[in-house]
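See structure below.
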Amino acid sequence: MSDKPAKRFASFAIAIPLYRIFDYAIEPGKSGAAGSRYRLPFGQGYKTGLLLEEHDSTSVPGDRIKAAGECLDDEPVLSEHMISLARWIANYYLQPLGEVLFQCLPGYLRGSKAAKPDRVKYWQAKSIDAGLRDKIERRSPRQFELLVAIERSEAGLNAVQLKAINQGWHGLIRALEKKDAIKWGWLTPTRIDHSDAKIPDLTAEQEQSYSQIKSRSDRFSVHLLDGITGSGKTEVYFRLIQDALSRKQQVIYLVPEIGLTSQLVDRVRKRFGEQFTISHSALTERQRYHAWDRFRRGDAGIMLGTRSSLFSQNDRLGLIVIDEEHDHSYKQEDGIRYHARDVAIKRAQMLDIPILLGSATPSLESLNNCAREHYFYYQLSQRPTGFAPPRIQLIDSRNLQLDCGCSPALLQRIDHHLGQKGQVLLYLNRRGFAPVVMCHECGWQASCAHCDSRLTLHQFLNRLLCHHCGYAQALPGRCGECGNPDIKHYGIGTEQLEQGLKKRFPDYPVLRIDRDVIASRDDLDQRLATLRQGKPCLLIGTQMIAKGHDYPGITMSAILDTDQALFSASYRASERLVQTAFQVSGRSGRGDLQGEAYLQTSFSDHPLMQSIANQSYREIARSITRERKMLGFPPYARVVMFRADALSLDQAIEKLNQIKQCLQASVARHRVKCIGPIPALMTRRIGRYRGQLCLLSQDIRELRNVLREAMPEIELIKSTAAVKWVVDVDALDL
Ligand code: ADP
Ligand code: ZN
Ligand code: ZN
């Protein structure tokens with residue numbers, strides 16, 4: 001170090017929505033390494049910045065360059081690899097580097113809080129002479145009780161454990177410390193490498209995919225495990241995770257937000273002891289930081305978590321697993337826009353490690369990548385139990401009198417399954433009591449004051465709610481237009497379904513699972529625990545119940561009211577409907593009984609409904625993919641969407657026109673279509689008007705060329721609170 005010339009400047013990234021980095025002067029010899037946080041004077045105040053690199057010179061004039069403040073970290077909080085990954089994300093997703101870098105850090109470290117390791121204070125016994133021991137035993141029996149407990153423990157006891165023995169532990173411990181009978185220290189949570197799990201022998205199909213993936217585990221390779229629900233994909237993940245741990249490597253294991261129930265956590269714990277750590281949005285920032293820190297220090301071998309856990313760092317990452325890879329929760333739609341699956345693949349490539357994607361309903365993108373031999377493809381077509389997942393049977397409800405949303409035929413099937421001691425799952429992806437409240441005299445509908453949306457009746461709350469912005473109002477006594485007191489509601493939500501089924505099947509518990517009744521993961525776990533007891537019951541829920549659960553008692557599942565997907569303006573609606581249908585139907589028949597699955601529809605002769613009833617997911621996926629090819633839509637095209645929102649539609653459209661101007665010349669030179677600007681599908685949302693401008697091309701390179709040419713100019717267009725614009729690369733919808 002000493003013979004190199006001292007560098008005097010450094011560039012820093014700051015978490016602000018500007019596409020640039022900032023130079024500061026640094027004191028030679030006193031700087032931390034790249035990836036360390038600094039306190040930087042910025043504008044009138046201070047901001048936290050991340051050091052990117054040091055230089056001998058800067059283009060900032062000498063009288064304008066400011067000196068960086070203190071370094072906040074003893075060691076860098078972002079590794080060089082993470083900085084490279086962030087640079088790739090910023091470049092590919094056209095997001096400001098500063099914002100991306102801070103997104104890669106746990107929320108706890110995005111400000112100036114010190115990176116403190118997760119330490120627990122614990123007390124251990126000292127060797128004391130028999131006289132002192134005797135004295136404590138005779139004079140202070142409560143102190144003695146704690147002392148004995150501490151002596152018996154191997155690693156010492158922490159506050160929680162001591163409190164369990166005696167509520168007043170604090171004073172007693174102080175007294176024991178004074179007598180020099182015990183000492184305290186810091187304990188970093190240690191790994192307990194035990195496993196009492198029975199490891200099943202793999203089926204022939206599992207064995208085949210496992211051994212092939214294993215044979216490529218020393219290099220970058222993308223593997224798609226396409227296995228029907230309950231076919232044992234998780235078991236294949238576990239084998240590969242175990243292999244990585246045995247090689248002293250670490251693993252990131254991503255699941256969708258709602259997939260992280262205690263059922264999966266228990267399963268992972270049974271198999272891997274305490275070698276894993278968990279991170280998801282229900283934890284506090286501090287808890288997530290500790291999970292991140294444990295993983296970084298190698299204290300946990302597995303990071304099990306949702307989308308942003310992908311940014312966990314360590315030096316020995318050997319495998320990434322992405323369960324339910326088709327799930328839309330992997331796409332972040334606000335702040336930094338990225339797709340966790342695609343970033344994960346890039347990360348695996350940079351580290352030259354394998355990545356495993358799994359799903360019963362793989363995304364068309366991933367299937368297409370398999371067809372083009374970019375990914376390795378494996379199929380699990382059978383359940384280890386030997387029972388096939390049920391075929392989906394259609395129940396036509398057109399022109400029928402429905403009872404709480406169910407046709408007579410459906411009610412009859414529910415009755416039958418409950419009578420056979422089965423559990424029945426009903427999927428209805430609509431919260432509340434009724435989605436439409438209207439006056440039949442004049443046609444007035446209750447709608448949101450801030451969004452272009454209808455209000456949903458929530459009977460229990462006696463309120464009308466907007467599901468987009470949370471706006472709530474009391475149920476009006478009469479029509480808002482003509483004063484007619486006879487206001488009616490139409491359609492059915494989970495609240496109404498629950499009430500109806502409770503009346504209809506009074507002898508069975510009805511469990512409802514949706515955002516209105518489930519406030520936390522614990523609530524969800526509690527309700528699911530009832531299910532696990534296996535007694536006959538009805539389970540009603542929104543998408544929270546569609547995925548990832550494995551309850552052997554469910555013998556029948558039914559899907560209600562998905563017909564709006566047949567007429568949706570989104571080109572992805574049919575793909576989503578099919579995925580939901582196969583995921584929900586796959587929840588039944590996982591145990592030792594053949595399951596049944598129903599889909600109730602008013603359009604049973606619609607070609608898509610016919611396909612769902614008669615074809616496999618793979619066959620349907622193939623035909624949807626063919627349609628997309630004809631239309632020139634993803635996965636055969638790439639989409640970049642510019643979105644703007646403002647207090648008036650004109651302002652939003654004007655901003656997009658400004659962006660369009662920057663694009664026009666290069667769009668004309670390349671095979672790229674520019675569509676818009678047009679108002680977004682739901683134009684007014686949370687009081688703001690939204691517009692969009694879309695770039696579409698069959699050739700990603702052409703699209704990248706346009707962006708490379710135009711972005712420098714576009715990046716200069718100010719995004720303000722009044723008129724905000726963002727760019728969304730690989731946007732899911734058009
Ligand atoms: P998926 O992840 O494909 O939904 P799981 O891995 O959860 O499937 O497996 C479904 C059920 O089958 C689980 O209860 C699991 O313990 C069991 N299972 C998986 N593989 C085997 C096997 N090889 N032999 C016996 N049971 C298995
Ligand atoms: Zn609203
Ligand atoms: Zn009216």
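The values are calculated or read from the model by the stated rules, or taken from the named source; none is laboratory data. It should be emphasised that the depicted structure is a prediction, and the values quoted were computed from it without experimental measurement. For neighbour counting, all protein chains shown are included, and Cβ atoms are generated from backbone atoms with ideal geometry for every residue, glycine included.
Yes/no matrix, rows are residues, columns are (1) more than 30 Å from the chain's Cα centre (by Cα); (2) more than 30 Å from HIS468 (Cα to Cα); (3) in contact (Cβ under 8 Å) with a residue 60 or more places away in the chain:
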site	(1), (2), (3)
ILE659	yes, no, yes
ALA680	no, no, no
CYS694	no, no, no
ALA710	yes, yes, no
THR720	no, no, no
LYS724	no, no, yes
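Residues that are modelled with pLDDT of 90 or more and under 24 Å from SER453 (Cα atoms) do occur in region 693-707, at least one of them. Which residue is surrounded by the fewest Cβ atoms within 10 Å (Cβ to Cβ), if the candidates are limited to region 243-270 and must be assigned to a helix (DSSP H, G or I) and more than 14 Å from ligand 1 (Cβ to nearest atom)? So the residue we want is SER246. Out of everything in region 431-460 that is within 16 Å of ILE492 (Cα to Cα) and assigned to a loop (DSSP other than H, G, I, E, B), what residue ends up being nearest to ligand 1 (Cβ to nearest atom)? So the residue we want is ARG431. Here ILE414 meets the list (1) free of Cβ contacts under 8 Å to residues at least 24 places away in the same chain; (2) farther than 26 Å from ARG684 by Cβ almost entirely, failing just condition (1). Inclusion of GLU481 among residues that are surrounded by fewer than 16 Cβ atoms within 10 Å (Cβ to Cβ) and touching a residue at least 40 places away in the same chain (Cβ under 8 Å) is warranted. Residues in region 354-404 that are of a type in the set (Gly, Ala, Ser) and under 22 Å from GLN579 (Cα atoms): GLY358, SER359, ALA360, SER363, SER366, ALA371, SER381, ALA388, SER397. Put simply, of ASP525, ASP507, ASP516 the only residue that is more than 16 Å from ligand 1 (Cβ to nearest atom) and not in a loop (DSSP other than H, G, I, E, B) is ASP525.
In the list CYS406, CYS370, which residue meets the criterion of being at pLDDT 95 or above and more than 16 Å from ligand 3 (Cβ to nearest atom)?
CYS370
Being among the β-branched types (Val, Ile, Thr) and within 16 Å of the chain's Cα centre (by Cα) holds for only one residue in VAL251, VAL265, and it is VAL265. Across region 271-319, the qualifying residues are those that are in a helix (DSSP H, G or I) and among the charged types (D, E, K, R), and the one among them that is farthest from ALA340 (Cα to Cα) is ARG271.
When LEU497 is tested against (1) under 28 Å from GLY553 (Cβ atoms); (2) without any contact (Cβ under 8 Å) to a residue 12 or more places away in the chain; (3) under 32 Å from the mean Cα position of the chain (by Cα), exactly one condition is not met: (2).
If only residues of region 429-442 that are within 15 Å of ligand 3 (Cβ to nearest atom) and in contact with a Lys or Arg (Cβ under 8 Å, 6 or more places away or on another chain) are counted, the one that is nearest to ALA565 (Cα to Cα) is VAL436.
Within region 69-105, if we keep just the residues that are assigned to a loop (DSSP other than H, G, I, E, B) and touching a Ser or Thr at 6+ places or on another chain (Cβ under 8 Å), the residue that is surrounded by the most Cβ atoms within 10 Å (Cβ to Cβ) turns out to be VAL77. When region 228-238 is filtered for residues that are near ligand 1 (Cβ under 6 Å from one of its atoms), farther than 12 Å from TYR210 by Cβ and not hydroxyl-bearing (Ser, Thr, Tyr), only GLY230 remains. Of all residues in region 409-442, those being crowded, with 17+ Cβ neighbours inside 10 Å, charged (D, E, K, R) and more than 17 Å from SER602 (Cβ to Cβ) number 2. When restricted to residues that are in a loop (DSSP other than H, G, I, E, B), modelled with pLDDT of 90 or more and either of a type in the set (D, E, K, R) or within 16 Å of ligand 2 (Cβ to nearest atom) (or both), region 470-497 contains 2.
Take the residues of region 443-467 that are under 33 Å from the mean Cα position of the chain (by Cα), within 16 Å of ligand 3 (Cβ to nearest atom) and not charged (D, E, K, R): which is surrounded by the fewest Cβ atoms within 10 Å (Cβ to Cβ)? Looking at residues that are under 33 Å from the mean Cα position of the chain (by Cα), within 16 Å of ligand 3 (Cβ to nearest atom) and not charged (D, E, K, R), I get SER447.
In region 570-596, the residue that is modelled with the lowest pLDDT out of those that are under 16 Å from ARG413 (Cα atoms) and crowded, with 23+ Cβ neighbours inside 10 Å is GLY589. The residue list ARG626, ARG587 contains one member that is charged (D, E, K, R) and in a loop (DSSP other than H, G, I, E, B), which is ARG587. Among residues of region 675-690 being surrounded by fewer than 19 Cβ atoms within 10 Å (Cβ to Cβ) and hydrophobic (A, V, I, L, M, F, W, C), the one that is nearest to ligand 2 (Cβ to nearest atom) is ILE686.
Those residues that are over 22 Å from LYS116 (Cβ atoms) and at pLDDT below 70, I need them from region 169-196; list them, please. Within region 169-196, ILE192, ASP193, HIS194, SER195, ASP196 meet the criteria. Within region 540-556, residues that are modelled with pLDDT of 90 or more have Cβ atoms under 6 Å from residues that are of a type in the set (A, V, I, L, M, F, W, C) and part of a helix (DSSP H, G or I) in these pairs: ILE540/LEU497, counting only partners at least 6 apart in sequence or on another chain.
Residue-by-condition table, conditions (1) within 16 Å of ligand 1 (Cβ to nearest atom); (2) in a helix (DSSP H, G or I); (3) out of contact with any Ser or Thr (no Cβ under 6 Å at 6 or more places or on another chain); (4) under 30 Å from ALA388 (Cβ atoms):
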{"residue": "GLN600", "(1), (2), (3), (4)": "no, no, no, yes"}
{"residue": "ASP605", "(1), (2), (3), (4)": "no, no, yes, yes"}
{"residue": "LEU608", "(1), (2), (3), (4)": "no, yes, no, yes"}
{"residue": "SER611", "(1), (2), (3), (4)": "no, yes, yes, yes"}
{"residue": "TYR636", "(1), (2), (3), (4)": "no, no, yes, no"}
{"residue": "ALA644", "(1), (2), (3), (4)": "no, no, yes, no"}
{"residue": "LEU663", "(1), (2), (3), (4)": "no, yes, yes, no"}
{"residue": "SER666", "(1), (2), (3), (4)": "no, yes, yes, no"}
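Picking from residues in region 367-408 that are hydroxyl-bearing (Ser, Thr, Tyr) and more than 19 Å from PRO354 (Cα to Cα), the one that is surrounded by the most Cβ atoms within 10 Å (Cβ to Cβ) is SER397.
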